[in-house]
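The block underneath contains the structure these notes are about, expressed in structure tokens.
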Amino acid sequence: MLLRHTLYYLAARGLPGLINFAALSLYTRLLAPDEFGRYSLVVASVSLIHVFLFQWLQLVLGRFLPAHRDEPQVVQQSILALFLFIAGSVSVAGLGAALLWSDPVWRALLALAVPLTVAEAWLQLNLTLASTNLRPGRYGFLLGGKSLLAIMVGGWLAWLGLGAQAPLVGMLAGASAAWLLFGLRLWRGMRPCWPAPERLKEYAAYGLPFVATFALGWIIASSDRMLIAWLLDEAATGIYAVGYDLSQHSLGLLLAVVNTAAYPLAVRKLEQEGEEAARAQLAQNGELIITVALTGAAGLAALAPALLDILVGEAFRAGAVEIMPWIAAAAAVAGIKAFHFDLAFQLARKSYLQVYISAVAATVNIILNMLLIPEYGVVGAAWATLIAYGLACALSAVVGKGVSAMPSLAPIILRAAVVAAATGATAHFAVGFVPDPFAVLVGGLTSGAAAALLTALLLDVVGLRGATTKLAAAVFRRHRHER
């Protein structure tokens, strides 16, 4: 079931992922580095508000809805009321702050950031609802519609010369229109209903500890952009954001796909069959997540120069190629932490322990950024990110073992490392044969994917060998029957 659901969500998120690549390529050619830097700073600020105020609602929805499958309105109507209250408060406060801002350029950007924050938060809540209900088709329409509309509107406005505001307007239009087209029926018959005190207390006890965790996670993931703008300039922020976003739109996408398919399966196992069944599902989930993370990082590091030559405007390439291997490694470590080790806290409902881990990592990240950025520029920021995520991942693994009996790690890491080494070596070997970036990318992707699949089959990662054998046998039987 895990592999099937992963393939469903890969299809659902594959098109949006390709569109994000196209958007990155388009905007780095239509926007100057300082304009792209301002755009990335607004996106980082929107993300900060989201993790502080909205993201805990997604976790509550994903965690409690499976336990109320017969009465989903009990959870949905409460979440709807909480969302509307928070969204109204954010709108009033945000627009007031924008009106008082002295810089006219940033005043316009902040005024645009307020509705964008609400629209993005609402879309993410709908994506969580679709994935929790195991509806990858609806998930794909929501995410794909948003991405396609965003690049169409944003690209047109950027071509007209709107600057940093262009992609932000595109994001707002895409998120709003996608929900109206594909998400409206998810809330059919639902009315906002403020949760009873005991239910609100239960939701808060589960979800609110994540506020601090996510805020501290934002410090590790996004505060470097703010610090680069402060210690260097907005153009350097734009260059750093390109290298960072390219890693996230590729490896981050793959890991998010796996987690989107895997997490609801683990929760359902826990709710319906108990801890032993959930632990077995976590072992399978973890093996796939860790293998994808390490393999993706190895392949991305090998193919980074070709990717940048094809996708990114010339003004961004030299700086981005320096940080890509480090950010790819950081993305892999961050994904392993968030989508595997952190589940011990979430499923045991002891999410408050993550706050201490994130606090240590965030503090280390800020200190390292302050020390390394003035001396080493954007590469120093990438080093700081990798070290901070590595520390957070190690702490999560050690502390999580005492919270919930997680699967044995050594065999999973060993198999994943072998697959990653084979993939990275094969892709790197293929790169040396041709000078053309397109040929390098196609050859590296093809040979690396073939090496990954073959190695995973030999090692039977996530039962792939057995699943392939069953599929081949079914196809053979069907072929014989038709004959």
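Would you say V403 is among the β-branched types (V, I, T), touching a Leu at 6+ places or on another chain (Cβ under 8 Å) and in the same structural domain as L270 (by TED's automatic domain parsing)?
So V403 fits the description; yes.
Tally up the residues in region 213-227 that are buried (at least 23 other Cβ atoms within 10 Å of the Cβ) and of a type in the set (S, T, Y), please.
Within region 213-227, residues that are buried (at least 23 other Cβ atoms within 10 Å of the Cβ) and of a type in the set (S, T, Y) number 1.
Being among the hydrophobic types (A, V, I, L, M, F, W, C), surrounded by fewer than 24 Cβ atoms within 10 Å (Cβ to Cβ) and on the phi < 0 side of the Ramachandran plot narrows it down to one of A241, A256, so name that one.
Result: A256 is the single residue among A241, A256 that is among the hydrophobic types (A, V, I, L, M, F, W, C), surrounded by fewer than 24 Cβ atoms within 10 Å (Cβ to Cβ) and on the phi < 0 side of the Ramachandran plot.
If I ask for residues that are among the β-branched types (V, I, T) and farther than 30 Å from G380 by Cβ, which ones from region 226-281 would you list?
Selection gives V257, V258, T260, V267.
Tally time: how many residues in region 135-150 are farther than 27 Å from Y263 by Cα and either touching a His at 6+ places or on another chain (Cβ under 6 Å) or surrounded by fewer than 23 Cβ atoms within 10 Å (Cβ to Cβ) (or both)?
Restricting attention to region 135-150, the residues satisfying the condition of being farther than 27 Å from Y263 by Cα are 149-150.
Filter again for either touching a His at 6+ places or on another chain (Cβ under 6 Å) or surrounded by fewer than 23 Cβ atoms within 10 Å (Cβ to Cβ) (or both), leaving 149.
Going through region 135-150 one residue at a time, the tally reaches 1.
L134 passes all but one of (1) in a helix (DSSP H, G or I); (2) touching a Lys or Arg at 6+ places or on another chain (Cβ under 9 Å); which number fails?
The single condition L134 does not satisfy is (1).
Look through region 416-430, keep the residues that are more than 24 Å from the chain's Cα centre (by Cα) and crowded, with 20+ Cβ neighbours inside 10 Å, and return whichever of them is farthest from A283 (Cα to Cα).
Within region 416-430, the match that is farthest from A283 (Cα to Cα) is A430.
Can you pull out every residue in region 231-274 that is within 30 Å of T132 (Cβ to Cβ) and hydroxyl-bearing (S, T, Y)?
Once the filter is applied, which keeps residues that are within 30 Å of T132 (Cβ to Cβ) and hydroxyl-bearing (S, T, Y), region 231-274 yields Y244, S247, S250, T260, Y263.
Residues in region 230-242: is at least one outside any helix (DSSP H, G or I) and more than 30 Å from L31 (Cβ to Cβ)?
No, region 230-242 has no match at all.
For region 38-93, give me the residue count where each residue is more than 18 Å from R268 (Cβ to Cβ) and part of a helix (DSSP H, G or I).
The number of residues fulfilling the criteria is 37.
Quick check on L454: is it loosely packed, with under 15 Cβ neighbours inside 10 Å, modelled with pLDDT of 85 or more and either assigned to a helix (DSSP H, G or I) or in the same structural domain as V364 (by TED's automatic domain parsing) (or both)?
Details: loosely packed, with under 15 Cβ neighbours inside 10 Å: yes; modelled with pLDDT of 85 or more: yes; either assigned to a helix (DSSP H, G or I) or in the same structural domain as V364 (by TED's automatic domain parsing) (or both): yes.
Against the criterion (loosely packed, with under 15 Cβ neighbours inside 10 Å, modelled with pLDDT of 85 or more and either assigned to a helix (DSSP H, G or I) or in the same structural domain as V364 (by TED's automatic domain parsing) (or both)), L454 qualifies.
Out of G189, G183, G217, report the one residue that is at pLDDT below 90 and at positive phi.
The match here is G189.
Step by step: first the residues of region 352-393, then only those that are touching a Ser or Thr at 6+ places or on another chain (Cβ under 7 Å) and surrounded by fewer than 20 Cβ atoms within 10 Å (Cβ to Cβ), then the one that is nearest to A331 (Cα to Cα). Which residue is that?
I366
With the condition kept exactly as written, say whether any residue in region 102-123 is β-branched (V, I, T) and under 18 Å from the mean Cα position of the chain (by Cα).
The answer is yes, given that some residue of region 102-123 is β-branched (V, I, T) and under 18 Å from the mean Cα position of the chain (by Cα).
Sort through G155, G161 and tell me the only one that's over 22 Å from the mean Cα position of the chain (by Cα) and in a loop (DSSP other than H, G, I, E, B).
G161
Among the numbered criteria (1) at pLDDT 85 or above; (2) over 20 Å from the mean Cα position of the chain (by Cα), which one does D224 miss?
For D224, the failing item is (2).
Condition test on L127, is it closer than 17 Å to L65 by Cβ and crowded, with 18+ Cβ neighbours inside 10 Å? Quick ask: steps written out before the conclusion?
Details: closer than 17 Å to L65 by Cβ: yes; crowded, with 18+ Cβ neighbours inside 10 Å: yes.
Yes: the conditions hold for L127.
Scan (1) part of a helix (DSSP H, G or I); (2) modelled with pLDDT of 90 or more; (3) aliphatic (A, V, I, L, M) for the single condition A212 breaks and write down its number.
Condition not satisfied by A212: (2).
Quick check on region 79-94. Is at least one of its residues surrounded by 14 or more Cβ atoms within 10 Å (Cβ to Cβ), touching a Lys or Arg at 6+ places or on another chain (Cβ under 9 Å) and at pLDDT 90 or above?
Within region 79-94, one or more residues are surrounded by 14 or more Cβ atoms within 10 Å (Cβ to Cβ), touching a Lys or Arg at 6+ places or on another chain (Cβ under 9 Å) and at pLDDT 90 or above.
Just for region 164-209: of the residues that are among the small types (G, A, S) and outside any helix (DSSP H, G or I), which one is surrounded by the fewest Cβ atoms within 10 Å (Cβ to Cβ)?
If we filter region 164-209 for residues that are among the small types (G, A, S), which is where we start, we get 164, 166, 170, 173-178, 183, 189, 196, 204-205, 207.
Remaining after also requiring outside any helix (DSSP H, G or I): 164, 183, 189, 196.
Numbers: A164: 26, G183: 23, G189: 9, A196: 11.
The qualifying residue surrounded by the fewest Cβ atoms within 10 Å (Cβ to Cβ) is G189.
The values are calculated or read from the model by the stated rules, or taken from the named source; none is laboratory data. The structure displayed is predicted, hence computed values, not measured ones. As a convention, Cβ positions derive from the backbone with ideal geometry for all residues, glycine included, and neighbour counts pool all protein chains shown.
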